[in-house]
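A.B. asks: Structure incoming, see below.
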Amino acid sequence: MNAETAEQPVVDPARASVLVARDTDAEFVDFVTSAGPYLYRTAYLLSGDAHQAEELVQATFERTYRAWAKARVGEPRAYARRILMNLRIDGWRKDRRSAVTDDGVVPLSPLPDHADDVAVRDELGRALRSLPLGQRRVVVLRHLLDLSEAQVADELGISAGTVKSTNSRGLARLRSLLSASAIGAAPEFRADGGQVLRQARAAARRRRVIQAVVTVAGVFVLVLGLLLAGPVRMPGLGPVVLPGSEWLRTVLGLDGGGISALPLDHTDTAACTRPDDEAPTTSVDTRSVHWGDLAVTGTIDAADAHEVERCVDVIIDHQWPRAGVEATTLGEGESVLNWSDPYETLDGDLIRGPFTLEALAPDGKGGRDVMPLAETEQVDGRWPQIRSLVRQDDRAAWFETPNTQIVGTLPWTLRLLDEGGSVATVSDSSVLKDAEAGTAALADTLLGWTTTPNVARTRCNQTLHTAALDGSVPVRTGVRERVCALGSTPDGLLVAYEEGSGGPGIGAGSGRTTVFELVPGQGEAESQTLVSVRNEDLGYEPVSALGYDTGQLVFATGDLLYLVDVSTSTTLRVRGSSPVNALDVSAGTVAWSTEDGAAYAMVDRNGAPSVVRLSRDRAAVGIHGDHIAWSSLGDDGVASLTFGRVRW
């Protein structure tokens with residue numbers, strides 16, 4: 001027998017059948033018809049309201065339809081019941097006082113009339129309402145829906161033992177309230193399966209449209225944010241400007257231009273007719289001291305300073321009452337920087353929102369022009385405070401840390417505002433692990449900052465890190481060790497660090513010296529050592545502040561201020577009554593503030609020094625060219641800011 005002549009099986013037409021895959025929508029309609037009454041009865045018993053039950057069932061069908069491919073494989077009624085329970089539990093969480101009623105038809109023993117039947121149903125409803133929420137859920141699922149203990153435990157996400165004990169307590173409570181009752185069917189459920197299908201389809205379409213819109217909008221916002229964010233810091237690449245970002249910011253008018261966009265067209269109209277030689281000079285103790293190659297030619301006592309006098313020491317151009325701004329950030333056009341603080345109180349120990357960095361300048365009419373520059377961003381999920389705000393021309397840098405405790409700065413981020421108004425994160429504590437934030441400084445082409453290994457800044461234990469402002473060179477870490485202080489100059493970063501016999505960061509004991517160095521930008525000239533001083537000559541006091549301008553180095557140790565002429569290796573010393581905490585130097589004028597709240601300025605009057613006390617309480621001072629600004633606290637306890645021009 002071959003394949004052609006082989007006997008073929010005989011098919012009985014009477015027993016033949018063709019299996020045709022059912023349409024999934026038809027299956028869903030059948031499911032609505034069969035499971036609708038069951039789900040409605042469950043919803044009604046749990047909610048106690050017919051309209052709310054209908055809404056629950058419709059929402060359940062819509063969600064079940066979206067997952068019908070999954071639900072139809074197993075037990076679709078159990079799948080839908082779980083959805084319904086989750087929806088109802090969400091409702092319970094929103095409204096803990098939920099009404100529960102009987103199901104409307106409670107067959108009991110024969111009653112004399114309809115009124116008694118209603119009374120019994122009401123009694124049952126009140127009994128269910130009196131149960132705690134946990135007992136009510138278990139009793140409804142276990143006895144009204146005939147679920148097993150394991151099924152109830154699975155539905156509610158609790159253990160079978162908890163179901164058993166909760167059910168026992170719930171039934172005991174009901175028995176104490178009801179003599180005999182049995183629950184039958186809920187109100188009749190009437191729903192058109194086709195209509196439910198159409199509503200479920202419409203809901204699914206709306207959901208897909210919303211998801212698509214949200215996705216497109218999210219991508220658009222992300223791309224727009226990247227384009228408008230300015231330089232984006234890429235690992236190993238540094239700040240990167242995305243193509244078209246500057247053009248887009250300009251077109252949209254979102255690039256404010258940074259500090260340089262602040263109106264500076266006001267004129268200083270104040271004038272003085274008094275001669276400028278009336279200001280007194282300050283006496284100098286001319287006993288000299290030699291520190292190796294450096295000679296201290298005299299000492300001034302800050303107690304001999306005279307109080308500032310209008311039209312003698314300075315020409316007062318503007319005064320701002322109630323202005324607690326950063327006077328030390330004085331720059332071009334008498335502009336200063338300030339952090340606006342709309343959150344005057346902390347929420348516990350948390351800051352309640354972002355701070356805004358603003359540039360301010362006099363408007364020539366007694367007021368001020370204000371331009372927002374940047375906002376703080378959350379660090380480790382919390383709003384931060386600001387540390388070490390520094391400025392160099394139209395750039396600024398600062399640390400942000402959410403740590404509001406007395407000590408400690410972790411976690412932190414270092415942020416930079418460039419001359420175009422863009423803000424970028426340069427570094428953070430996730431890169432320099434376990435390092436506390438120190439101070440920041442700016443040069444024309446270089447950003448520098450320090451970190452410390454712990455919060456106790458004992459002596460000179462800071463480490464210097466740098467980054468090129470144009471992003472041409474990645475961040476350099478550990479540029480200098482044992483840094484005491486860091487300062488900003490246009491020509492480079494001014495660094496004071498301790499050096500032992502083995503070089504930077506090596507050596508110990510009284511043989512150490514403090515080195516003052518000018519660190520230029522990457523690719524420029526080598527670092528320049530300005531002067532070195534033995535720590536013994538400084539009384540083993542670490543340098544706390546420093547500044548430099550056109551050959552004049554100024555630094556402070558404790559309550560002593562040193563003004564060094566680098567070209568002649570001579571220095572003048574100023575002795576105060578409180579440690580110096582900040583100083584500034586520009587065009588031959590030196591200004592500083594002390595921990596007791598006083599602020600001073602000093603100038604050379606034809607070879608004779610003149611020291612002026614600007615303020616005595618909570619003062620800060622800044623110098624830019626011949627302009628000077630200082631803050632002070634008045635007798636009424638209100639801070640003010642004064643702008644002037646030196647007459648020296």
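A.B. asks: Quick check: pseudo-label points 7 Å beyond the Cα along Cα→Cβ at LEU171 and SER527, how many nm apart are they?
C.D. replies: 8.3
A.B. asks: Give me the extension gain from GLU419 to ASP25: residue separation times 0.36 nm, minus the current Cα-Cα distance, reported in nm with one decimal. Don't jump to the answer; show the numbers that get you there.
C.D. replies: Numbers: separation 394, 0.36 × 394 = 141.84 nm, distance 6.27 nm.
Going from the current span to full extension adds 135.6 nm.
A.B. asks: Now for a separate question. With the dipole of the stretch 572-648 worked out from charges on the C-beta (+1 for Lys and Arg, -1 for Asp and Glu) around the Cα centre, which of HIS627, VAL611, VAL638 lies farthest toward the positive end?
C.D. replies: Toward the positive end, the furthest listed residue is VAL611.
A.B. asks: Then there is this: Give me the number: length gained by fully extending SER148 to GLU595, i.e. 0.36 nm times residue separation minus the C-alpha to C-alpha distance, one decimal in nm.
C.D. replies: Values: separation 447, 0.36 × 447 = 160.92 nm, distance 7.55 nm.
153.4 nm is the gain from fully extending SER148 to GLU595.
A.B. asks: Just how large is the dipole of the stretch 380-437 about the Cα centre, in debye to the nearest 20, putting +1 at every Lys and Arg Cβ and -1 at every Asp and Glu Cβ? Mind dumping the intermediate values first?
C.D. replies: On the way: 6 positive and 9 negative charges, 32 e Å.
Charge dipole of the stretch 380-437: 160 debye, to the nearest 20.
A.B. asks: Now a separate question. Through the Karplus equation 6.51 cos²θ - 1.76 cosθ + 1.60, θ set to phi - 60°, convert the phi angles of the stretch 289-299 into ³J(HN,Hα) values in whole Hz; use x for Gly and Pro.
C.D. replies: My calculation for the stretch 289-299 gives 9, 10, 10, x, 7, 9, 10, 8, 8, x, 10 Hz in order.
A.B. asks: As an exercise, use a Förster radius of 51 Å and the Cβ-Cβ distance of ALA295 and ARG352 to find the FRET efficiency, rounded to the nearest 0.05. Please list the in-between numbers first.
C.D. replies: Values: r = 55 Å, r/R0 = 1.08.
That gives a FRET efficiency of 0.40.
A.B. asks: Next up: Between VAL370 and GLU75, what length in nm is gained on full extension when 0.36 nm per residue of separation is reduced by their alpha carbon distance?
C.D. replies: On the way: separation 295, 0.36 × 295 = 106.20 nm, distance 6.65 nm.
Taking 0.36 nm per residue and subtracting the Cα distance, the gain is 99.6 nm.
A.B. asks: Also, I was wondering about something else. Could you please report the charge total around ASN535, scoring K, R as +1 and D, E as -1 over all other residues with beta-carbon less than 9 angstrom from its beta-carbon? Walk me through the numbers on the way to the answer.
C.D. replies: Details: positive: ARG512, ARG534; negative: GLU498, GLU536, ASP537, GLU541.
Net charge around ASN535: -2.
A.B. asks: Which residues' amide hydrogens lie under 5 Å from the amide hydrogen of VAL611, considering only partners 5 or more residues apart or on another chain, with H built in the peptide plane?
C.D. replies: THR282, HIS306
A.B. asks: Checking the a/c ratio against 1.5 first, then a/b against b/c, what shape does the Cα gyration tensor give for the stretch 538-648?
C.D. replies: Numbers: a/c = 2.15, a/b = 1.30, b/c = 1.65.
Here the stretch 538-648 falls in the oblate category.
A.B. asks: Ranked by accessible surface with a 1.4 Å probe, highest first, in what order do HIS306, HIS51 come? Walk me through the numbers before you get to the answer.
C.D. replies: Numbers: HIS306 35, HIS51 130 Å².
Heavy-atom accessible area, descending, gives HIS51, HIS306.
A.B. asks: Measure off 7 Å from each Cα along the Cα-to-Cβ vector at SER34 and ASP90, then give the distance between these two points in nanometres to one decimal.
C.D. replies: The answer from the label model is 2.7 nm.
A.B. asks: Pop the C-beta distance of VAL221 and ASP617 into the FRET formula with R0 = 45 Å and round what comes out to the nearest 0.05. The partial results should precede the final answer.
C.D. replies: Numbers: r = 48 Å, r/R0 = 1.07.
The pair VAL221/ASP617 has a calculated efficiency of 0.40.
A.B. asks: Using a Förster radius of 22 Å, what is the FRET efficiency between ASP363 and CYS272 based on their Cβ-Cβ separation? Nearest 0.05, please.
C.D. replies: Result of the calculation: an efficiency of 0.50.
A.B. asks: How far apart, in nanometres, would the label points at GLU307 and ASP537 be if each is projected 7 angstrom from Cα along the Cα-to-Cβ direction?
C.D. replies: 3.9
A.B. asks: Sticking with this structure for a sec: What residues qualify as long-range amide H neighbours of ALA443, i.e. H under 5 Å apart, gap of 5 or more or another chain, H built at 1.01 Å from N?
C.D. replies: So ALA443 has HN proximity to GLY448.
A.B. asks: Still on this structure: Taking H placed 1.01 Å from N in the peptide plane, check which residues at least 5 places from GLU377 or on another chain put their amide H under 5 Å from its amide H.
C.D. replies: Close amide H contacts, sequence-distant or interchain: none at all.
The values are calculated or read from the model by the stated rules, or taken from the named source; none is laboratory data. Computed from a predicted model, the values in this text were never measured in an experiment. In this analysis, Cβ positions are derived from the backbone assuming ideal geometry, glycine residues included, and neighbour counts consider all displayed protein chains. Each accessible area value is taken on the protein alone, full model and side chains, heavy atoms only, with ligands, DNA and RNA left out. Shrake-Rupley method; radii C 1.70, N 1.55, O 1.52, S 1.80 Å.
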